[in-house]
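Please read the structure below before turning to the comments.
The values are calculated or read from the model by the stated rules, or taken from the named source; none is laboratory data. Note that the coordinates shown come from a computational prediction; the quantities given were computed from them, not determined experimentally. As a convention, Cβ positions derive from the backbone with ideal geometry for all residues, glycine included, and neighbour counts pool all protein chains shown. These accessible areas exclude ligands, DNA and RNA; they are computed on the full protein's heavy atoms, side chains included. Shrake-Rupley method; radii C 1.70, N 1.55, O 1.52, S 1.80 Å.
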Amino acid sequence: MYESLSKKYGMSIAQAKASTQNIVQMAKESGLEYNFDTLILTNTFDAHRLAMFAKSHGLMAEMTERLLRAYFTDSKDIGDHETLVDLAGEVGLNREAVEKMLASNEMAEEVRADESTAQQYGITGVPFFLINKKYAITGAQSTETIVQTLKKVIAESEITILNNDDGMICDDDGCEIPKKN
């Protein structure tokens with residue numbers, strides 16, 4: 001893991017370890033356990049396909065949570081189909097249906113579409129929070145940073161009424177034109 005981070009971000013292995021220690025500490029403060037020393041680097045494309053499959057069965061949140069715990073805490077190889085089938089079974093997905101999906105190209109198009117959207121927004125890593133398709137929070141940030149960003153977005157999103165005329169009032173039932181006296 002550390003060698004990979006070192007190469008990807010042009011930093012020393014010591015810097016990569018220090019960076020991950022910061023993430024581990026932030027996770028711990030949030031009640032999560034991350035084990036970077038035993039983490040298994042793998043291709044996560046099929047895990048993403050599984051998350052999309054779970055979404056089609058109303059279990060995306062549960063599946064995503066289980067995949068993240070398997071990867072960051074349990075040090076499981078989430079690129080391995082057997083592991084993915086086991087994890088899917090744990091959250092209530094049909095094991096045989098998951099095996100069939102993983103043996104095919106099912107959900108690949110959906111994952112590629114997500115990758116394309118991410119590329120359009122310049123997303124190169126996780127975590128990445130995109131708010132109102134305009135504001136981004138990248139990397140592991142403190143709760144305070146996220147709260148301040150959200151406050152800024154909310155403040156800028158408030159609508160200012162520039163006129164106070166009595167105009168038409170419209171809703172789902174149609175429009176009502178006010179009567180002039």
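Observations on the structure shown:
- Only one of THR42, THR38 that is closer than 19 Å to PRO127 by Cβ and out of contact with any Cys (no Cβ under 9 Å at 6 or more places or on another chain): THR42
- Filter result for ALA108 (surrounded by 13 or more Cβ atoms within 10 Å (Cβ to Cβ), at pLDDT 85 or above and over 15 Å from the mean Cα position of the chain (by Cα)): yes
- Note on region 27-54: residues that are open to solvent by 50 Å² or more (accessible area, probe 1.4 Å) and either touching a strand residue (DSSP E or B) at 6+ places or on another chain (Cβ under 9 Å) or at negative phi (or both) amount to 12.
- Set LEU130, LEU68: member being touching a strand residue (DSSP E or B) at 6+ places or on another chain (Cβ under 7 Å) and within 30 Å of SER157 (Cβ to Cβ): LEU130
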